[in-house]
């Protein structure tokens, strides 16, 4: 993946250096992002990717995907379920052989991480 030293607030950081061919890595990355866009925060009418809840996506040489993500609030009622939703969505992406989701709360999520699309969907602009 391409290394983003200072990713924009609504784009996850990716890690550079892979044995996977660049074109295939790009396809897998695009498919992972598409899969993440199928997972919605049940309290906010926007997907977790556009909300900026995904902080980092790492695809290792064995095609195991590690995702660091957060929640809009640590006390979110679906905190225990959300990692499973993400694992299920990303786990069916062709070329992905396993998924691990890490819930992180540093840095804390703020609405500044939302994409313009999510801001419009939530009337948060």
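Laboratory data are not the source of any read-out in this text; all were calculated from the coordinates shown. Not measured: the values here are computed from a predicted model. Using ideal geometry, Cβ is built from the backbone for each residue, glycine included, and neighbour counts are taken over all protein chains shown.
For the chain, what is the mean residue ellipticity at 222 nm derived from helices alone (per DSSP H run of n ≥ 4: -39500 (n - 2.57); sum divided by total residues; nearest 500 deg cm²/dmol)?
Here the helix-only value at 222 nm equals -7500 deg cm²/dmol.
From the Cα gyration tensor of the chain, with a ≥ b ≥ c the square roots of its eigenvalues, which class applies: rounded if a/c is under 1.5, or else prolate if a/b is larger than b/c, or else oblate?
Cα axes put the chain in the prolate bin.
Tell me, in nm to one decimal, what length is gained between residue 73 and residue 24 on full extension, where the rule is 0.36 nm per residue of separation less the Cα-Cα distance?
Fully extending the segment from residue 73 to residue 24 adds 14.2 nm.
For residue 40 and residue 97, what is the calculated FRET efficiency with R₀ set at 25 Å and r taken between the beta-carbons, to the nearest 0.05?
0.45
Tell me the angle of helix 22-36 to the major Cα principal axis of the chain, expressed in degrees between 0 and 90 and rounded to the nearest ten.
For helix 22-36, the angle is close to 30 degrees.
Got the relative contact order for the chain handy, in percent, Cα pairs under 8 Å and 6 or more residues apart?
28
Between residue 88 and residue 120, how many nm apart are label points set 7 Å from Cα along the C-beta direction?
So the label points at residue 88 and residue 120 sit 3.0 nm apart.
Among DSSP beta bridges whose residues both lie in region 13-119, state the antiparallel percentage, nearest 5.
Looking only at bridges with both residues in region 13-119, the antiparallel portion is about 45 percent.
For helix 82-91, what angle does its Cα long axis make with the longest principal axis of the chain, in degrees from 0 to 90 and rounded to 10?
Helix 82-91 sits at roughly 30 degrees to that axis.
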